[in-house]
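**Student:** One structure, pasted below without further comment.
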Amino acid sequence: MDNRAIGVFDSGLGGLTVVKELMKQLPNESIVYFGDTARIPYGTRSPQMVAKYSAQCIRFLMRHNIKMIIIACNTVSSCCLDTLQNLFDLPIIGVISPGAKAAVKTTKNGRVGVIGTRGTINSGAYEKEINKLNKDINVISTACSLFVPIVEEGWFNTDVAYLTAKRYLDIMKKEDIDTLVLGCTHYPLLTDTITKVMGPNTILVNPAEGTAAQVKEILSNNDMLRDKFVGHAEYKYYVSDFGQKFKQIGSRFLNYDIEYAEKIDIEMY
Ligand code: DGL
């Protein structure tokens, strides 16, 4: 047994899509979440800058008695998972490999679309991972840079979201994909809109599901699950700016009241 919490971070509230899955699949685990809302977006920054920011996020989380780190951000996972794993002495997992595995399992016609930030798409991380598992799968990728600000604004299910999605996803429709990987943790908040644009024949893959399943496997195999008898799981949220907005939009999405999101100075770590 290991009663310490799981540390999770993202550049903003997108990582809550991973928290939601963790709460579902591992309801007994405590979570410490950090959203780097002062420095979002990560997706348009250089890999060096993203690595520097991420190392600060991990150092901050490590102050909170955690047993592992989940990088709930595709941009970070695609550019610096190895660097961060080499830098810190605790289990660190990203979201790309679980997302790729799910896509390979899902596709029937061997045509998979991947959408993400510019950083994730430029890294080619999903193509590499998917083609490592099955070299015959065709991967069609496109960056949807405006999705992140739309989500951070809380504008899910609006006409702005719909028109933006239509413009970005036209290419995916033409490419006859049957599977679309939501390769940015913010995008599952736009699931309804993306489904409306893509139609019922495209299956959306949310890498958060596979990521939570992988966390469960790691904790079970290493006897690191939290003891059920020590009380309810605890959730703590930290941000680097604007805690109130994070709290409101996050609570709406999680269907769970985020009572407090504490603002911290991430530059100190
Ligand atoms: N949620 C992050 C991801 O999964 C991206 C948001 C950002 O650009 O910072 O890539």
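Computed from the coordinates by the stated procedures, all read-outs in this text should not be read as laboratory data. The structure displayed is predicted, hence computed values, not measured ones. Cβ sites come from the backbone with ideal geometry, for glycine too, and all protein chains shown count toward neighbours.
**Student:** Sort largest first and round to whole Å: the equivalent ellipsoid semi-axes of the stretch 201-269, each the square root of five times a Cα gyration tensor eigenvalue.
**Tutor:** 26, 21, 15
**Student:** Roughly speaking, what % of Cα-Cα pairs in the chain are separated by over 30 Å, rounded to a whole number?
**Tutor:** Percent of Cα pairs beyond 30 Å in the chain: 24.
**Student:** Which residue fluctuates most in the GNM of the chain (Cα springs below 10 Å): Gly231, Gly210, Gly124?
**Tutor:** Gly231
**Student:** For the stretch 93-110, in order, what is each residue's ³J(HN,Hα) by Karplus, 6.51 cos²θ - 1.76 cosθ + 1.60 with θ = phi - 60°, in whole Hz (x at glycine and Pro)?
**Tutor:** 10, x, 9, 5, 4, x, x, 5, 4, 5, 5, 5, 5, 7, 5, 10, 9, x
**Student:** Computed over the Cα atoms of the stretch 37-177, what is the convex hull's projected area averaged over all directions, in nm²?
**Tutor:** So the mean shadow area of the Cα hull is 9.6 nm².
**Student:** Given points 7 Å out from each Cα along the Cα-Cβ axis, report the Asp178 to Met49 separation in nanometres with one decimal.
**Tutor:** Using points 7 Å along Cα→Cβ, the separation is 4.1 nm.
**Student:** Report Rg (one decimal) and Dmax (nearest whole number) for the stretch 15-78, counting Cα atoms only, units Å.
**Tutor:** Gyration radius and largest Cα-Cα distance of the stretch 15-78: 12.4, 37 Å.
**Student:** For the chain, find the longest principal axis of its Cα atoms and tell me its angle to the long axis of helix 47-61, 0 to 90°, nearest 10.
**Tutor:** Compared with the principal axis, the helix lies near 30 degrees.
**Student:** Another question about this same structure. Calculate, for Asn122 and Val160, the FRET efficiency according to 1/(1 + (r/R0)^6) with r their C-beta to C-beta distance and R0 25 Å; round to the nearest 0.05.
**Tutor:** 0.50
**Student:** Multiplying the sequence separation of Arg111 and Asn222 by 0.36 nm and subtracting their Cα-Cα distance, what value in nm do you get?
**Tutor:** The span from Arg111 to Asn222 would gain 36.3 nm if fully extended.
**Student:** So between Asp2 and Asp170, what do we pick up on full extension, going 0.36 nm a residue minus the alpha carbon distance?
**Tutor:** 55.8 nm
**Student:** Okay, moving on. Amide H of Val114: which non-local residues (sequence gap of 5 or more, or other chain) have their own amide H closer than 5 Å, using H built in the peptide plane?
**Tutor:** Close amide H contacts, sequence-distant or interchain: Ile140, Ser141, Thr142, Val181.
**Student:** Which of Gly243, Gly199, Gly94 moves the most in a Gaussian network model of the chain with Cα springs under 10 Å?
**Tutor:** Gly199
**Student:** Could you work out which residue, out of Asn109, Asn28, Asn222, moves most in a Gaussian network model of the chain, that is, has the largest mean-square fluctuation with Cα springs under 10 Å?
**Tutor:** Top of the fluctuation ranking is Asn222.
**Student:** At what distance in nm do the modelled label points of Met268 and Asp136 sit from each other, each positioned 7 Å from its Cα along Cα→Cβ?
**Tutor:** Simple spin-label model gives 5.7 nm for this pair.
**Student:** A 25 angstrom limit on the alpha carbon distance is what I want to check against. Which of Lys216/Lys245; Lys132/Lys196; Lys105/Lys247; Lys52/Lys132; Lys105/Lys128 exceed it?
**Tutor:** Lys216/Lys245; Lys132/Lys196; Lys105/Lys247; Lys52/Lys132
**Student:** Next question. Report the convex hull volume per residue for the stretch 128-269, counting only C-alpha atoms, in Å³.
**Tutor:** 182
**Student:** Shifting gears a bit: Relative contact order for the stretch 62-139: what is it in percent, counting Cα pairs under 8 Å that are at least 6 residues apart?
**Tutor:** Averaging sequence separation for qualifying contacts and normalising by length gives 32 percent for the stretch 62-139.
**Student:** From the phi of every residue in the stretch 224-237, what ³J(HN,Hα) in whole Hz does the Karplus formula 6.51 cos²θ - 1.76 cosθ + 1.60 yield, where θ is phi - 60° and glycine or proline is x?
**Tutor:** 10, 6, 7, 5, 4, 8, 8, x, 5, 5, 10, 10, 10, 10
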